[in-house]
Amino acid sequence: MRIRSAMLGLALLAVGMTGTQAQNRVDLSGLDRGMAGSRDQVLVLGSVHLAEHFDGNFDPAVLDPVLERLEAFAPDVITVESLSGMECDLYRRHPEVFSQEGADRFCFDTTAARAATGLDVPAAIAGVNAMLHDWPEAPTPGQRRRLASLFLAAGEPDSAVVQWLQLPEHERRAGDGLDDTLASLLRQRESHPGESYQIGARLAARLGLARVHPTDDHTGSNLDIPDDQVEAYGQALYAAWQTASETRDPIVGRSAALAGSGDMMGLYQYVNLPAVRQAVAESDFGSALSHAPSQPWGQMYVAAWETRNLRMVANIRAAFAARPGARVLSIVGASHKPWFDGQFGRMPGVDLVDVEQVLGPLPGPAAER
């Protein structure tokens, strides 16, 4: 009886602690209930990586139907999945900490822009900030070329293209900080098959915005895996993903078919469907977590992914922190969208905008993958 009484007492104590812990959790969901200011509107557009579907023959005009819908949403802040020049400068200044292979892969090479402007990345960033602080409503072509050159020297070519595209055709030339090399580079980027340029920069130019905001972040997602275990890590993840190939492969196939047919509206409607994003998340991250190799590789993989998403969302939040009531478009790889939606959905004063409300519904039975 004493043992039973003791066990009952422990059980009741556990229940009491659980209830107390639940009561002691701070509920932030109602903080904005009496908010005086305007609410922010955030649209997270999940994107395919266009460069994986198109080669050098990419025609930007195929995206015009998508751009027209996004233009009607009228964002005043646009963010893209690019690394900032500041972060890339950090990588290159600390090669003992950050992978230089990653820096070379993801970061814009500012060598030519530094030669043309005489500015390193920090000085160019300061120059960008100074120009934007006093940016006029009707900039001259010279001012646009100068700002474009500073963006290139700062390591942010997406925003340089925003300025370049707002120049009349005959003004898209060297001058005011742009030499022939940089002008040629910007001409090439006009048709570069990347969503940061073809959706982010083109839309920003249509709307008369000064820039896009690069918000990718890899500072916390580089896993410290011993060299002799890197292969095992990769093999474990591949094996996990293979268990979900029946779910993932049809989604990849349909996306490729839509892109190949030029139906970009259908493609973006499809990849943003909640059912599609749920299936991809489960086949990628869910399968990694449920796989049971000798090491917890799946948990490490998902932890690094979540760290990256948290820091990206923080960068996006910072981009409109000083703009209450902002209309924000975040263009990001579609696999990030569920994490972004989850974070923004919990922020006081922020409303998530449904992609379907902006792009329209996918014709046919949307639930079918």
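The values are calculated or read from the model by the stated rules, or taken from the named source; none is laboratory data. Note that the structure is predicted; figures quoted are calculated from it, not measured. Cβ sites come from the backbone with ideal geometry, for glycine too, and all protein chains shown count toward neighbours. Accessible surface areas use protein heavy atoms only, side chains included; no ligands, DNA or RNA. Shrake-Rupley method; radii C 1.70, N 1.55, O 1.52, S 1.80 Å.
Per-structure values
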read-out	value
Additional length obtainable on full extension of the chain from Arg346 to Val252, 0.36 nm per residue less Cα span	30.8 nm
Value at 222 nm in deg cm²/dmol, rounded to 500, when DSSP H runs of n ≥ 4 in the chain each add -39,500 (n - 2.57)	-15500 deg cm²/dmol
Of the DSSP H helices in the chain, those whose Cα atoms cover at least 27 Å axially and whose Kyte score averages 0.0 or more	2-24
Ranked by how many other beta carbons lie within 10 Å on average, peptides 189-197, 173-181 from highest	189-197, 173-181
Computed label-point distance, nm, for sites Met35 and Leu132 using a 7 Å Cα→Cβ extension	2.2
Within the chain, percent of DSSP bridges classed antiparallel, to nearest 5	5
Inter-site label distance for Glu52 and Arg323 at 7 Å from Cα along Cβ, in nm	2.8
Gyration tensor verdict on region 154-268 (Cα atoms; rounded if a/c is under 1.5, prolate if a/b is larger than b/c, oblate otherwise)	oblate
Accessible area per residue, Å², region 131-193 with all protein chains present, probe 1.4 Å	43
Heavy-atom accessible surface of the chain: percent carbon and sulfur, 1.4 Å	53
Heavy-atom accessible area order for His213, His53, His336, largest first, 1.4 Å probe	His53, His213, His336
Estimated inter-spin distance, Glu356 and Asp120, nm [label 7 Å along Cα→Cβ]	5.2
Part-to-part distance (alpha-carbon centres) for region 54-91 and region 247-314, which is given in Å	20
Mean separation of Cα contacts under 8 Å, 6 or more apart, over the residue count of region 209-337: relative contact order %	39
Whether region 25-91 is rounded, prolate or oblate, judged on the alpha carbon gyration tensor where a/c under 1.5 counts as rounded	oblate
Full-stretch length increase - Asp109, Gln229 - with 0.36 nm per residue and alpha-carbon distance subtracted	40.1 nm
